[in-house]
Amino acid sequence: MPDEYLKADQNLNEQAWYLAYTKPRLENVAKDNLSQQGFEVFLPLFKKFKKTETGLVSVFEPMFPRYLFFRPSHEGQSITTVRSTKGVSHLVRFGFEPAVLQHSMVQLILSLEQTRNQISVQEASPYKVGQAVKLKHIALDNVQGLVHSVGSKRIAVLLEILGRPTVVQVEHHQLEVI
């Protein structure tokens, strides 16, 4: 008897995922409501860095805006209730058949999400130590320099000012890659 349960559980783990198209900016509402109905739900999030007055902060946004992956949590659970779930606009379909994503593809997306969400500001920044950049400030007439270090709030740039190397701290938006 336990072997039957093991096989059923294995089949459930390999079961394909369906795709729901949500109402604008209601991915989390749809996710919560589908979870409450007993569905297994996956909303891939993407770590981004946004500029604020205090510097760059990390925020998580949907990797695929308005799309949500879900699958029944047990055999025999109908997906017909999904289309009337709060936050869901409709099921993604190809003709009359619901769109299906294989479990291996969802696992790959999960892996990418986990990898991306572990990176630091320095790893995500387009500016790398030793890279040639120019200042975008009008008064500095596009002065060029080399990136000395990258921080969450500022970037240290090595400039030659009056014939001497000088490190200057600038904000991310004040630089441009050459």
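Just to be sure before I move on: is Ser89 closer than 17 Å to Phe69 by Cβ, part of a helix (DSSP H, G or I) and open to solvent by 30 Å² or more (accessible area, probe 1.4 Å) in the structure I sent? Against the criterion (closer than 17 Å to Phe69 by Cβ, part of a helix (DSSP H, G or I) and open to solvent by 30 Å² or more (accessible area, probe 1.4 Å)), Ser89 does not qualify. Residues considered: Met105, Met63. Of these, the only one that is surrounded by 14 or more Cβ atoms within 10 Å (Cβ to Cβ) and of a type outside the set (Ser, Thr, Tyr) is Met63. Note on the range 115-155: among residues that are more than 16 Å from Pro165 (Cα to Cα) and basic (Lys, Arg), the one that is modelled with the lowest pLDDT is Lys153. Within the range 124-178, can you find the residues that are in a loop (DSSP other than H, G, I, E, B) and small (Gly, Ala, Ser)? Matches in the range 124-178: Ser125, Gly130, Gly151, Ser152, Gly163.
Scanning the range 108-139 for residues that are open to solvent by less than 90 Å² (accessible area, probe 1.4 Å), free of Cβ contacts under 8 Å to residues at least 12 places away in the same chain and polar (S, T, N, Q) yields Ser111, Thr115, Ser120.
Residues in the range 80-108 that are touching a Phe, Trp or Tyr at 6+ places or on another chain (Cβ under 6 Å) and among the hydrophobic types (A, V, I, L, M, F, W, C): Val92, Leu101, Val106.
Residues in the range 32-58 that are touching a residue at least 24 places away in the same chain (Cβ under 8 Å) and among the hydroxyl-bearing types (Ser, Thr, Tyr): how many? So the answer is 2.
None of Arg83, Arg93, Arg25, Arg71 is on the phi > 0 side of the Ramachandran plot, out of contact with any Pro (no Cβ under 6 Å at 6 or more places or on another chain) and at pLDDT 90 or above except Arg25.
The values are calculated or read from the model by the stated rules, or taken from the named source; none is laboratory data. Since the structure is predicted, the reported quantities are computational estimates derived from the model, not experimental observations. Every residue, glycine among them, receives a Cβ derived from its backbone with ideal geometry; neighbour counts consider all protein chains shown. Ligands, DNA and RNA are excluded from the accessible area calculation, which covers all protein heavy atoms including side chains. Shrake-Rupley method; radii C 1.70, N 1.55, O 1.52, S 1.80 Å.
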